[in-house]
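I have placed the structure first, in the form of structure tokens, so that the comments after it can refer back to it.
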Amino acid sequence: MILKILGNNGPFPAANGACSGYLLSSDSGKTRVLIDCGPGVLSRLMAEDCLETLDAVILTHLHYDHMSDMLPLQYALQFNPRKKALPVYAPEEPEAVADLLRRPCFDLWPAEDVTIGEMRVSFTAARHPVPTNAVRVECDGACFVFTGDTNEDALVELFCDGASLLLADCGLSEADHSFTAPHLSALLCGRLAERAGAKRLLLTHLNPKYDPMLLLDEARAAFPAAELAELGGVYYI
Ligand SMILES: [Zn+2]
Ligand SMILES: [Zn+2]
């Protein structure tokens, strides 16, 4: 698979940055899925020229930093109509936000295990203030896992087992983290990758208030191979 980072910030974008958005393609290029569509992601998706061929959008949850560009995406689809509505897999709550997605250009599905083209996609509930899923994609003999937004959780840890590439919610530094926090810390991302036996760890949901190099150092204390998910970066899984 090939992962392109269309956004790596949260809960708001850095200057010229973008929030959560990850374009995942199979090696053949026949299957393409967008995971999350936060602010700043749509302009980068347009640069990929794949509105017609995109197989699905998966939204880990309905916080704005993960879905707000779905609103102008509906306009983009009005002016670039597809043969079929775009399948969207997302939690059904909070209801007021889910209602914004009920548009003819979107074909809404619950976040349940599904095969999308060449990709086998599974979900597990993460630990976050609104219904949120971690996402696991198996394809081309490799396994990609995105934690979504989450604090430490035993089931999420099991779900990450053996990931070829683990993309993890690095929303906090360890100093700002607590048991009730909505995010992992950088250090906990490293520990998660180490415990799950992940081959590679990318840190994302980078809050612009932190120096990303400090987060990277913190994660590397537990997982020396940790990397920052670079905006526009391409990763072969
Ligand atoms: Zn978030
Ligand atoms: Zn969130």
Practice prompt. May I ask you to sort M1, M213, M67 by Cβ crowding, counting other Cβ atoms within 10 Å and putting the fewest first?
Written response: M213, M1, M67
Practice prompt. Per residue of region 32-45, in order, report the coupling 6.51 cos²θ - 1.76 cosθ + 1.60 (Karplus, θ = phi - 60°) as ³J(HN,Hα) in whole Hz, putting x for Gly and Pro.
Written response: 9, 10, 9, 9, 6, 8, x, x, x, 7, 4, 4, 6, 5
Worksheet entry | Stretch gain in nm, segment E194-V114, where the contour uses 0.36 nm per residue and the Cα spacing is subtracted | 26.0 nm
Response to the item:
Projected onto the charge dipole of region 2-236 (unit charges on the beta-carbon of Lys, Arg, Asp and Glu, signs +1, +1, -1, -1), the Cα from L188, A18, L172 with the largest positive-side position is that of A18
Worksheet item: Roughly what would the spin-label model give for L155 and S43, points 7 Å off Cα along C-beta, in nm?
Response: 3.9 nm
Worksheet item: What order do you get for 218-228, 105-115 when each peptide is scored by the mean count of other beta carbon atoms within 10 Å, highest first?
Response: 218-228, 105-115
Worksheet item: Among F12, F123, F144, which comes first, then next, by fewest other beta-carbon atoms within 10 Å?
Response: F12, F123, F144
Worksheet item: Which of the peptides 170-178, 95-103 is most tightly packed, and how do the rest follow, going by the mean number of other Cβ atoms within 10 Å of each residue?
Response: 170-178, 95-103
Practice prompt. For a footprinting-style exposure proxy, rank D169, D65 by other Cβ within 10 Å, fewest first.
Written response: D65, D169
Worksheet, complete the sentence: Using alpha carbon positions and the Kirkwood radius, the Rg to Rh ratio of region 2-236 is 0.94
Discussion item. Under 5 Å between amide hydrogens, which residues at least 5 positions from V88 or on another chain qualify, with H placed 1.01 Å from N in the peptide plane?
Written reply: V57, D107, L108, W109
Practice prompt. Would you please put 184-192, 74-82 in order of how densely packed they are, using the mean number of other Cβ atoms within 10 angstrom per residue and starting with the highest?
Written response: 184-192, 74-82
Worksheet item: Once the dipole of region 94-136 is set up with Lys and Arg at +1 and Asp and Glu at -1 on Cβ about the Cα centre, which of A125, P104, T115 lies farthest towards its positive end?
Response: A125
Worksheet item: How high is the relative contact order of the chain, in percent, with contacts defined as C-alpha pairs under 8 Å that are six or more residues apart?
Response: 18 percent
Worksheet item: Whole number please: convex hull volume per residue of the Cα set in region 1-40, in Å³?
Response: 54 Å³
Discussion item. Report for region 68-179 the percent antiparallel among DSSP-assigned beta bridges with both residues inside it, nearest 5.
Written reply: 65 percent
Worksheet item: Placing +1 at every Lys and Arg Cβ and -1 at every Asp and Glu Cβ, with all other atoms neutral, what dipole size does region 128-202 have around its Cα centre, in debye to the nearest 20?
Response: 180 debye
Discussion item. To the nearest 20 Debye, how big is the dipole of the chain about its Cα centre, given +1 on the beta carbon of each Lys and Arg and -1 on that of each Asp and Glu?
Written reply: 500 debye
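Rule-based calculations on the coordinates, nothing more; no lab input. Source: prediction; values computed, not measured. Ideal geometry is used to build each Cβ from the backbone, glycine not excepted, and the neighbour counts take in all protein chains shown.
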